[in-house]
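Colleague: Quick one: structure below, then a few questions.
The values are calculated or read from the model by the stated rules, or taken from the named source; none is laboratory data. Just so it is clear, the model here is predicted, and its values are computed rather than measured. Counting neighbours? That spans all protein chains shown, and the Cβs are built from the backbone with ideal geometry, glycine included. Keep in mind that these areas ignore ligands, DNA and RNA; they rest on the heavy atoms of the full protein, side chains included. Shrake-Rupley method; radii C 1.70, N 1.55, O 1.52, S 1.80 Å.
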Amino acid sequence: MTPTHDSAENLKFPILIGDIGGTNARFALLVDAFAEPKNFPIVQTADFPNIDDAIQATVLDKTSIQPRSAVLAIAGPISGDEIELTNCHWVVRPRRLIEDLGFEDVLLVNDFEAQALAVSALPEAGREAIGPAGPLQDGARVVLGPGTGLGVAGLVKARRMWIPVAGEGGHIDLGPRSARDLAIWPYLETIGGRVSAEQVLCGRGLVNLYNAIGRADGREVQPHSPASITAAAGAGDETAREAIRLFGIYLGRVAGDLALVFMARGGVFIAGGIFGHIAPYIDRAAMRAAFEDKAPHEALLRDMPLYAITLPLAALAGLATFARAPRSYGLETTNRRWTR
């Protein structure tokens, strides 16, 4: 039971697909290539000591179907036989999944590779344009999503295949632009002395931004969570509303930067649960303006679509799309696939 260099074309059904984030784990069963995924209740990673127990309790104890393969998207870099998640205590051990849970095959992908797979075939009803957008083009695409962290992935098309490009783009630098930014930035918590995009554009980042705004204005800040900041914005709290408005602007800036990196004529897609929760308080015009404000390439950005993903469980949908037709994707499986 060692990692294999084979392609994913011979994954055997039924297939368990899973999207494992820092906070939540989502699972579904794909019985065959024509079936719709059977979704199971979303569980919190904190409620289980490991992924093995989560799969057993959430899936295997709830169905008589024994999956032969597992395709799991996990929030962290994949290397070796013990894969630690970036923002979660779980360690994924594919050999143990095979030995203890009866899988014949385990394939691991990055969680935002799964999001990239999703945007390869995202229906119109599963996306909402932020600013002007026409029909989806075949050009390169980018997906980024603020959640427990900030995930980023690209999607390029070559040789009639969609090729997901995983990375750790959420850790790029994020710098101040406006006078207000310059007032706030000294109060942001840093990592290693720098402000990365993830330090602002994720759950804890929203709290970081809220606290920095309060301190920049000389106020004592009370303990908050992302949910309580959103609730405070709904109740009219001006600091909370500014935090969310600036969150949208900074997300637009980073999205525009990534659009330039990938020349994303096929669009940039915003994923992640946090954006959906705070969307009512986002200034979409300001977010779109920040996306396009990339001198000397404003005209280039104006022609690139920006979308919010509205499809529920988009990553699972992406994994299911891949599992049904792996030949349509240039997904690298070297040292990420284990077989019995």
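Colleague: Treating only the Cβ of Lys, Arg, Asp and Glu as charged (+1, +1, -1, -1), what charge dipole size does segment 77-182 show about its Cα centre? Round to the nearest 20 debye. The partial results should precede the final answer.
Modeller: Values: 10 positive and 15 negative charges, 104 e Å.
With only Lys, Arg, Asp and Glu charged at Cβ, the dipole is about 500 debye.
Colleague: Charges only on Cβ, +1 for Lys and Arg, -1 for Asp and Glu: so what's the dipole of the chain about the Cα centre, in debye to the nearest 20? Could the numbers behind the result be given before it?
Modeller: Details: 32 positive and 38 negative charges, 134 e Å.
My answer is approximately 640 debye.
Colleague: Okay, moving on. Nearest 10 degrees is fine. How inclined is helix 203-216 to the longest principal axis of the chain, computing both from alpha carbons?
Modeller: 10 degrees
Colleague: Still on this structure, please answer the following. In degrees from 0 to 90, rounded to the nearest 10, what is the angle of the helix 238-262 Cα long axis to the longest principal axis of the chain?
Modeller: For helix 238-262, the angle is close to 60 degrees.
Colleague: Report the relative contact order of segment 123-309, percent, no decimals, based on alpha-carbon pairs under 8 angstrom and at least 6 residues apart. Could you put the intermediate results ahead of the total?
Modeller: Values: 327 pairs, mean separation 56.8, N = 187.
Across segment 123-309, relative contact order equals 30 percent.
Colleague: Related question: Considering only the other residues whose Cβ falls under 12 Å of the Cβ of residue 191, what net charge follows from Lys and Arg at +1 and Asp and Glu at -1? Spell out each step's value before the answer.
Modeller: On the way: positive: 194, 204; negative: 173, 189, 198.
Around residue 191, the charge tally is -1.
Colleague: Taking every DSSP beta bridge with both residues inside segment 123-309, roughly what % is antiparallel (nearest 5)? All intermediate terms of the calculation are to be shown ahead of the outcome.
Modeller: Details: 17 of 24 bridges.
Roughly 70 percent of the beta bridges in segment 123-309 run antiparallel, per DSSP.
Colleague: Check which residues have an amide H placed less than 5 Å from residue 269's amide H, if you skip close sequence neighbours.
Modeller: Amide H neighbours of residue 269: 142, 143, 144, 307.
Colleague: By the scheme Lys and Arg +1, Asp and Glu -1, what is the net charge of all other residues having a beta-carbon under 11 Å from that of residue 249?
Modeller: Working: positive: 177, 180, 245, 253, 284, 288; negative: 181, 242, 283, 293.
It works out to a net charge of +2.
Colleague: I'd like the accessible area for residue 253: 1.4 Å probe, protein heavy atoms, all chains in place, Å² to the nearest 10.
Modeller: The value for residue 253 is about 30 Å².
Colleague: Among residues other than residue 315 whose Cβ falls under 13 Å from its Cβ, what is the net charge (Lys/Arg +1, Asp/Glu -1)? Could the numbers behind the result be given before it?
Modeller: Details: positive: 26; negative: 19, 111, 113.
Spelling it out: positives minus negatives among the neighbours equals -2.
Colleague: When the Cα centres of segment 121-173 and segment 269-340 are compared, how far apart do they sit, in Å?
Modeller: 3 Å
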